[in-house]
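Undergrad: I am attaching a structure below and will ask some questions about it afterwards.
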Amino acid sequence: MSRKAIILLSGGLDSATVLAMAKDEGYDCHCLSFAYGQKHNAELGYAAKLAVTLGAIDYRVAHIDLGAFGGSALTDDAIDVPDASEAQNEIPVTYVPARNTVFLSYALGWAEVIGANDIFLGVNAVDYSGYPDCRPEFIEAFEAMANLATRAGVEGNKLIIHAPLIHLSKGEIISRGLELGVDYSATVSCYRLSNAGVACGECDSCVLRAAGFRDAGISDPTSYA
């Protein structure tokens with residue numbers, strides 16, 4: 001009997017790898033992306049194509065508006081996306097307040113509706129920008145909450161939040177994805193992606209992506225400005 005899973009899919013390198021991993025483990029993958037008020041939503045086109053090429057059963061886009069509150073360079077027109085941060089002990093302005101909490105809550109709702117006990121997301125606590133909602137402690141706390149706050153959890157159908165990349169370096173993530181056939185030229189990471197699909201090469205996300213390909217010993221397929 002197949003197992004259903006919800007996969008948070010952004011169109012980026014990490015979430016594409018997670019989708020391939022869940023598929024390889026035999027899950028029927030139901031992918032969820034968000035139009036959340038981000039300044040550019042080109043990532044949604046990439047996510048939709050990845051869902052098809054990596055064999056998802058279903059793909060949905062939830063429309064919410066975290067941009068209504070601003071407070072992040074990714075959602076607030078008054079805040080510019082900076083070049084890669086050198087202040088490693090500071091949470092960068094590209095952090096979107098409560099984003100993963102909101103995303104996982106939506107995934108949890110869909111999981112209950114379709115009878116899925118597993119939710120996958122691509123957070124990483126090794127090569128990342130220091131976001132507080134990418135830490136193992138957050139994943140563990142959300143899973144505990146999910147099993148307290150849902151009918152499934154109360155009835156003994158344990159809900160599991162899978163973060164299979166959380167302890168991997170970006171290079172290790174890329175190597176694993178290539179083993180599973182992920183085409184990384186079909187993913188996007190840049191916070192300042194141009195309308196032509198060219199990455200800036202200077203934001204946190206671009207710098208981490210490029211370093212990951214170098215560490216993996218793989219040619220980076222990204223088009224950089």
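Undergrad: For R214, indicate whether it is over 30 Å from A116 (Cβ atoms), modelled with pLDDT of 95 or more and of a type outside the set (A, V, I, L, M, F, W, C). I'd like the intermediate steps shown before the answer.
TA: Numbers: over 30 Å from A116 (Cβ atoms): yes; modelled with pLDDT of 95 or more: yes; of a type outside the set (A, V, I, L, M, F, W, C): yes.
So R214 fits the description; yes.
Undergrad: Also, I was wondering about something else. Would you check which residues across region 172-185 are assigned to a helix (DSSP H, G or I) and in contact (Cβ under 8 Å) with a residue 12 or more places away in the chain and list them?
TA: Hits for region 172-185 are E172, I173, I174, S175, R176, G177, L178, Y184, S185.
Undergrad: Ok, one more. When you scan region 171-179, do you find a residue that is crowded, with 16+ Cβ neighbours inside 10 Å and in contact with a His (Cβ under 9 Å, 6 or more places away or on another chain), even just one? Steps first, please.
TA: At the first step, the residues of region 171-179 found to be crowded, with 16+ Cβ neighbours inside 10 Å are 171-177.
If we keep only those that are in contact with a His (Cβ under 9 Å, 6 or more places away or on another chain) too, we end up with none.
The answer is no; no qualifying residue exists.
Undergrad: Could you pull out the residue among G71, G45 that is out of contact with any Ser or Thr (no Cβ under 9 Å at 6 or more places or on another chain), surrounded by fewer than 16 Cβ atoms within 10 Å (Cβ to Cβ), not polar (S, T, N, Q) and not in a strand (DSSP E or B)?
TA: Testing whether each residue is out of contact with any Ser or Thr (no Cβ under 9 Å at 6 or more places or on another chain), surrounded by fewer than 16 Cβ atoms within 10 Å (Cβ to Cβ), not polar (S, T, N, Q) and not in a strand (DSSP E or B) leaves just G45.
Undergrad: Tell me whether region 16-25 contains one or more residues that are farther than 10 Å from F120 by Cα, part of a loop (DSSP other than H, G, I, E, B) and small (G, A, S). Explain how you work it out, then say what you get.
TA: To start, the set of residues in region 16-25 that are farther than 10 Å from F120 by Cα comprises 16-17, 20, 23-25.
From what is left, the residues that are part of a loop (DSSP other than H, G, I, E, B) are 25.
Applying the additional criterion that residues be small (G, A, S) yields none.
Among the residues of region 16-25, not one is farther than 10 Å from F120 by Cα, part of a loop (DSSP other than H, G, I, E, B) and small (G, A, S), which makes the answer no.
Undergrad: Any residue at all in region 105-118 that is assigned to a loop (DSSP other than H, G, I, E, B) and within 25 Å of A196 (Cα to Cα)?
TA: No, region 105-118 contains no residue that is assigned to a loop (DSSP other than H, G, I, E, B) and within 25 Å of A196 (Cα to Cα).
Undergrad: Another one. Restricting to region 128-162, what's the tally of residues that are touching a Pro at 6+ places or on another chain (Cβ under 8 Å) and surrounded by fewer than 18 Cβ atoms within 10 Å (Cβ to Cβ)?
TA: Qualifying residue count for the region: 1.
Undergrad: Looking at this structure, is V188 outside any helix (DSSP H, G or I), buried (at least 16 other Cβ atoms within 10 Å of the Cβ) and either without any contact (Cβ under 8 Å) to a residue 60 or more places away in the chain or of a type in the set (A, V, I, L, M, F, W, C) (or both)?
TA: So V188 passes the test.
Undergrad: Does any residue in region 196-225 that is under 10 Å from I174 (Cβ atoms) and touching a residue at least 40 places away in the same chain (Cβ under 8 Å) come within less than 9 Å, Cβ to Cβ, of a residue that is β-branched (V, I, T) and outside any loop (DSSP other than H, G, I, E, B) six or more places away or on a different chain, and which pairs are these?
TA: R209/I174; G212/I173; G212/I174; F213/I174; D215/I174; A216/I173; A216/I174; I218/I174
Undergrad: Got a sec? Which of A116, A125, A107 is out of contact with any Phe, Trp or Tyr (no Cβ under 8 Å at 6 or more places or on another chain), more than 16 Å from Y36 (Cβ to Cβ), small (G, A, S) and crowded, with 17+ Cβ neighbours inside 10 Å?
TA: Answer to the check: A125.
Undergrad: A further question follows. Hey, could you check region 50-68 for residues that are in contact with a Gly (Cβ under 8 Å, 6 or more places away or on another chain) and in a helix (DSSP H, G or I) and say which is modelled with the highest pLDDT?
TA: The residue in question is L50.
Undergrad: Residue check, A78 against (1) small (G, A, S); (2) touching a residue at least 40 places away in the same chain (Cβ under 8 Å); (3) on the phi < 0 side of the Ramachandran plot, all met but one. Which one?
TA: Condition (2) is where A78 drops out.
Undergrad: Please enumerate the residues belonging to region 205-220 that are out of contact with any Gly (no Cβ under 9 Å at 6 or more places or on another chain) and either outside any loop (DSSP other than H, G, I, E, B) or crowded, with 23+ Cβ neighbours inside 10 Å (or both).
TA: Of everything in region 205-220, those that are out of contact with any Gly (no Cβ under 9 Å at 6 or more places or on another chain) and either outside any loop (DSSP other than H, G, I, E, B) or crowded, with 23+ Cβ neighbours inside 10 Å (or both) turn out to be C206, L208.
The values are calculated or read from the model by the stated rules, or taken from the named source; none is laboratory data. From a predicted model like this one, the values you see are computed outputs, not experimental measurements. As a convention, Cβ positions derive from the backbone with ideal geometry for all residues, glycine included, and neighbour counts pool all protein chains shown.
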